[in-house]
Structures are given as structure tokens and as C-alpha cells.
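The values are calculated or read from the model by the stated rules, or taken from the named source; none is laboratory data. What you see is a predicted model; the values in this text were computed from it and never measured. Please note: Cβ atoms are built from the backbone with ideal geometry, for glycine as well, and neighbour counts cover all protein chains shown.
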Amino acid sequence: MSLADRTLVERLLVAGRRAGFVDTGIAPCEPSRFADRLDAWLARGAHGSMAWMARTADVRKDLRRKWTWARSALVGVAPYLAAPRDRTRAPGLLRHVARYAWGREYHDVLRARLRDWAARAEQILGGPLRTAALVDTSAVLERELALRAGVGWIGRNTCLIGERGDSWRFIGVLLVDRELAPEREPLAERCGSCRACLDACPTDAFDGPFELDARRCISYLTIEHRGAIAPELMDAMGDWLFGCDVCQEVCPWNRRVGPADDPAFAPLPGLAGVDLRALLAADEDEIRAWTRGSPLRRARPAGLLRNALIAAVHAGLHDDARRAARRLLDHEDEGVRAAAQWVLASPTQRRR
């Protein structure tokens, strides 16, 4: 790479940091090196009911099948960890929610930052660019692009771990129609012999290192899965209402990281101001009001009611859970009915 090219690349990466990403890199738009693993994962049904994963597999394996003009991917990461560091000390519903969902709908935040980055890139490159702002709902393997861009490595829990350590981070991808030379080499995996994440999973969702079966993952069950959850999984899910952080909480790379203090991802007052008891007694309009502008909207009111019944039992709120369960036995949603039946059949004491 010439000095002029290196200077141009550095200006582009600095522009990404000014747009709101703490680390940035460049990856070529090439076929995925994980295509065979994706095919095998889909073949054994480990994606559960996420049918879009199968429908978009060909694009995920080579993003140029959709974005034919794309030549390079600008990749940025944004940390989201907010205080308190100890989840159990968080107020209201936050203590039962994965940390990435404590704040505003992050897809909107990331897309806005990517659009800002695109505008800055056009100024640097001196002409109009064709771009696409992509997040984790897009048909791309964003963690692989982040790996190629040198901004992190993929841990055994399948999370991206930053170059300086910690996995509490979002990934944004900006496709551009220019050939840009990567500045960094992909980082090697640094898990060593550690199995903390694999052994800590409450529902045994890992088939092995880097192999997650979504059908047993608490994040999938509480967010993407619609309908009834198997009783043996409800038995093991703990007090999670939306998502799960266990495999990140036990990761040694996350031990020393402090809050990111990014105001865009600060905890929403609506989630901090209500608790599981209030959620169990709420109607759908109240739930929609509390979750306005939050990632929790994805689970829908019925999903959150189902999850709240399960979480309340594991949190020791047996009387509240049983009272709500009796009221919800005839709920129109199969998942809520199944959770209500499970609550009423559950012992009054459970390990928290």
C-alpha cells in the first residue's frame, strides 16, 4: 500500500470513529470462509424457527449476490455496556434484560452512525459513493466481516471480542463501491483452553466451541421463538425476560471492562421504572408503552408475558406468578398458556 493510500485509509477509519464507533476497520467483500459451517448449522436445524436465516443463506455466504456493486466493507464497533456493572443491582426490568437491550433501539442508532460515516467517506474520497448501511438484521455475517477487518476475534461463545478485550459491543457495516486495502490482519482466536462460556450456559445451548444451537439458547427462546417453550427449557431459563448475558458475564475478557457511557445506549427510564410484578399485571397497551423505542418490542407483548411468567418463578415471585398464571390460562397465545400451566405445576421453591 502506498503512503497516499495508507493516508486515505486512515482518514476513512478516523471518520468512522468521529461518526460514533470506537474502533474501525476495512474488510474486502469476498465469499465467506464460514460457508460450510453455515450450511451444516442450517442442515441440523440449529436456527430453530428463524426461517430467514435459511432464505438468506446464499447472500450471507457471498454478500455480492445481493450487493453486486460492493467492493469493501467499512466495519465499526460501538460498546454498549452501561452501569451498573452488576446486573442484579439494576433497577426494574433491567435486571432481567440482556445489557444490549437496556437502551434505545440500537439498529436505529447504528444506521444513523453508518449514514454519517458514509457522508464523511464521500468527502474524503471526493465523489459520490454507492453505500449500504447494514446491521445484525441484514443478510450478512457481520462478525466475520469484523474479524476480517481486524477489529476483534470470535470467541467460543460466538461473540465478537474486541482487540483490547470485551464483547459488549455492537457491529455496524458500511458497504462501499470502492476497492480499499485492509489496514489490519484478522485476529487469531485467544480463548486458549478456557471453557467458561460453554460450561456456564444454563440450557446447554453449545454443542461445542463456536457451535450454538439456537433452539436451546435463552436469547432465542425469549426473543425470536414464538409460541410454547418446552418445560425442560423453562426449568433452566432463570430469571431472564429478554435475552441472556451468561456466556458473556463469565468470559474472562469481560472482567475488567467498565461502562461505555455512550448516551445513545443509556438505560431507558421506562424499563427501569417497572418490575416483573407490574409486567405480570399489565395489559398489552401498557407493555407497548413501556417498551416504546426499545429492542424489547421484538418479543411482542405476548412473548414478554410468557417470559415474565417464567422469569418470575425463577426470581422467587411465586405468589405473583401463580396469580398471573391463573388469569392467563385462557390467553389467546399458545406460549402464554403453556407458561401459565408450567407456573401452576411448578414447585414453590426453585433455585435462583
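Here are a few things to note about the model shown:
- Per-region count, the range 166-208, residues crowded, with 16+ Cβ neighbours inside 10 Å, free of Cβ contacts under 8 Å to residues at least 60 places away in the same chain and in a loop (DSSP other than H, G, I, E, B): 8
- Taking the criterion of being in contact (Cβ under 8 Å) with a residue 12 or more places away in the chain and either over 30 Å from residue 222 (Cβ atoms) or in the same structural domain as residue 298 (by TED's automatic domain parsing) (or both), the residues of the range 95-122 that qualify are 115, 116, 117, 118, 120, 121.
- In the set (1) of a type in the set (Ser, Thr, Tyr); (2) buried (at least 19 other Cβ atoms within 10 Å of the Cβ); (3) in contact (Cβ under 8 Å) with a residue 40 or more places away in the chain, residue 158 fails one condition alone, (2).
- Residues within the range 260-289 that are out of contact with any Phe, Trp or Tyr (no Cβ under 7 Å at 6 or more places or on another chain) and closer than 30 Å to residue 193 by Cβ, tallied: 0
- Single condition residue 11 does not satisfy, out of (1) more than 15 Å from residue 140 (Cα to Cα); (2) assigned to a loop (DSSP other than H, G, I, E, B): (2)
- Of the helices (runs of 4 or more DSSP H) lying entirely inside the range 220-311, those containing at least 2 residues that are charged (D, E, K, R) span 231-236, 284-290.
- Residue list for the range 120-165, restricted to those being among the small types (Gly, Ala, Ser) and assigned to a loop (DSSP other than H, G, I, E, B): 126, 127, 138, 139, 149, 150, 155, 165
- Residue list for the range 71-97, restricted to those being closer than 20 Å to residue 278 by Cβ and not in a helix (DSSP H, G or I): 90, 91, 97
- Picking from residues in the range 39-64 that are of a type in the set (A, V, I, L, M), touching a helix residue (DSSP H, G or I) at 6+ places or on another chain (Cβ under 8 Å) and under 17 Å from residue 226 (Cβ atoms), the one that is surrounded by the most Cβ atoms within 10 Å (Cβ to Cβ) is 53.
- Scanning the range 1-38 for residues that are surrounded by 12 or more Cβ atoms within 10 Å (Cβ to Cβ), within 24 Å of the chain's Cα centre (by Cα), more than 29 Å from residue 109 (Cβ to Cβ) and among the charged types (D, E, K, R) gives 33, 37.
- Close contacts from the range 33-44, counting a first residue that is outside the structural domain of residue 207 (by TED's automatic domain parsing) and a second that is among the acidic types (Asp, Glu), with Cβ to Cβ under 6 Å and a gap of 6+ residues or different chains, come to 34/144.
- Among the residues of the range 324-345, those that are surrounded by 16 or more Cβ atoms within 10 Å (Cβ to Cβ) and part of a helix (DSSP H, G or I) comprise 324, 325, 328, 335, 336, 337, 338, 339, 340, 341, 342, 343.
- Residues that are surrounded by fewer than 16 Cβ atoms within 10 Å (Cβ to Cβ) and among the basic types (Lys, Arg) do not occur anywhere in the range 300-322.
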